[in-house]
Amino acid sequence: MKDKLLEVKNLSTYFYTTEGVVYALDDVSFSLNKGETLGIVGESGSGKSVTALSIMRLVQSPPGKIVSGEIILDNESILNKSKEEMQNIRGDKVAMIFQEPMTALNPVLTIGYQIMESLRIHQKLNKKEAREKAIDMLRKVGIANPEKRIDDYPHQLSGGMRQRAMIAIALCCNPSLLICDEPTTALDVTIQAQILELINKLKKDLNTSVIMITHDLGVVAQVSDNVMVMYAGKEMEYSSAKDLFMKPLHPYTQALLESIPTVNKNEERLTVIEGMVPSLSNRPEGCLFHPRCHKCMDICKIKRPELVKTKEGREVRCFLYSNEGREEENNGK
Ligand code: SF4
């Protein structure tokens, strides 16, 4: 049996705004084994980034609040940790790479300073040791001439190099968990492929577990062992990446896969998922996906489906896979 690194149980994070409560993350549970990659996929507003920020305990409060659930990292519950304890956990055990490195890096500090700061705080290295390790880290992430580039400011690096520098900062203290939030969205496809390859290589070399958050199923296919599909703050499907791409179960996952452009498709227009992701402060009754679902039944409009576990160990939140839904379908309702 594989060792679990992270367990998220019934996690809910809401935002209390003047327009009402925003149910950004609603009763989400998943786990991640050591050395594996979990892809979290869904459109904007599905709750992917709030999942990451909740694990990092970086949800801005107010207006945000983790209202219930449990997060267990390396056999330790982290939701009750103090701010100081969380500062040690961040960087030491869990680190995050953001979508746009230019906003995540401090523009007035050199890349070297930003890597060394982390090493000096978390690993208590002296200045000389930290500089040597920072150069080594820049070399590991594929930055040429690291002895010179270490003294560059973020604006002196290209987009791809900035993302590499972010990866160096995130991984310099050898965290057990790396959360990547759309790490390649701002990059062109060639650099995107290089960054994904780099994350995969470092994951193997350093035995790090990875959560890859993306709206791009192509990215998920390249790096993930398992995939969780999210919609409107809820988990819709969870399965191995292989099963998900071979046989997607949830109508939302099927629609996402159908909307990937391929060179073999002869259609003149791209397939799109009609309709919009619902407002998280004014969610529809019943299945959250029902206003956009082509397989919608009467029951879907009035009742929220529970997660169903299939014989193969997959999870899907849809009445098509529950006895209740099958009865409705057979009755022709
Ligand atoms: Fe579609 Fe109903 Fe399944 Fe929701 S529960 S995805 S509306 S079939």
Please give every one of the lysines within straight-line cross-link reach of LYS128, meaning a C-alpha to C-alpha distance under 22 Å, and leave out same-chain neighbours fewer than 8 residues apart.
LYS140, LYS148
Overall dimensions of segment 167-305 by Cα: Rg and Dmax, Å
17.5, 53
Amide hydrogen neighbours beyond the local backbone of LEU157, cut-off 5 Å, H modeled:
none
Using the per-residue mean of other Cβ atoms lying within 10 Å as a proxy for protection, in what order, highest first, do the peptides 222-235, 281-294 fall?
222-235, 281-294
The chain, helix-only ellipticity at 222 nm - DSSP H runs n ≥ 4, -39,500 (n - 2.57), divided by all residues, nearest 500:
-10000 deg cm²/dmol
For the chain, what is the per residue volume of the convex hull drawn over the alpha-carbon atoms, in cubic angstrom?
157 Å³
Provide VAL59, VAL219, VAL94 in ascending order of the number of other Cβ atoms located within 10 Å of each residue's Cβ, fewest first.
VAL59, VAL219, VAL94
Which listed residue (LEU6, GLY47, MET276) has the Cα farthest towards the positive end of the charge dipole for the chain, taking +1 on Lys and Arg C-beta and -1 on Asp and Glu C-beta about the Cα centre?
LEU6
Burial ordering of SER31, SER239, fewest other beta-carbon atoms within 10 Å first
SER31, SER239
Beyond 30 Å (Cα-Cα) in this structure, taken from LYS9/LYS93; LYS2/LYS65; LYS48/LYS309; LYS124/LYS234; LYS93/LYS133, we find LYS2/LYS65; LYS124/LYS234
Segment 130-163: trypsin sites (Lys or Arg not before Pro) in DSSP loop, at most 13 other beta carbons within 10 Å:
none
Pairing rule first: another cysteine's C-beta must sit under 4.7 Å. Under that rule, which cysteines of the chain stay single?
CYS172, CYS173, CYS180, CYS318
Taking 8 Å as the Cα distance limit and 6 or more residues as the minimum spacing, I'd like the relative contact order of segment 174-333 as a percentage.
17 percent
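Can you put PHE30, PHE245 in order, fewest other beta carbons within 10 Å first?
PHE245, PHE30
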Distance from segment 279-299 to segment 211-231 (C-alpha centre basis), Å:
23 Å
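We did not get these values from a lab; they are worked out from the coordinates using the rules stated. Treat the numbers as computed from the prediction; the structure is a model and nothing was measured. Cβ: placed from backbone, ideal geometry, glycine included. Neighbour counts: every protein chain shown.
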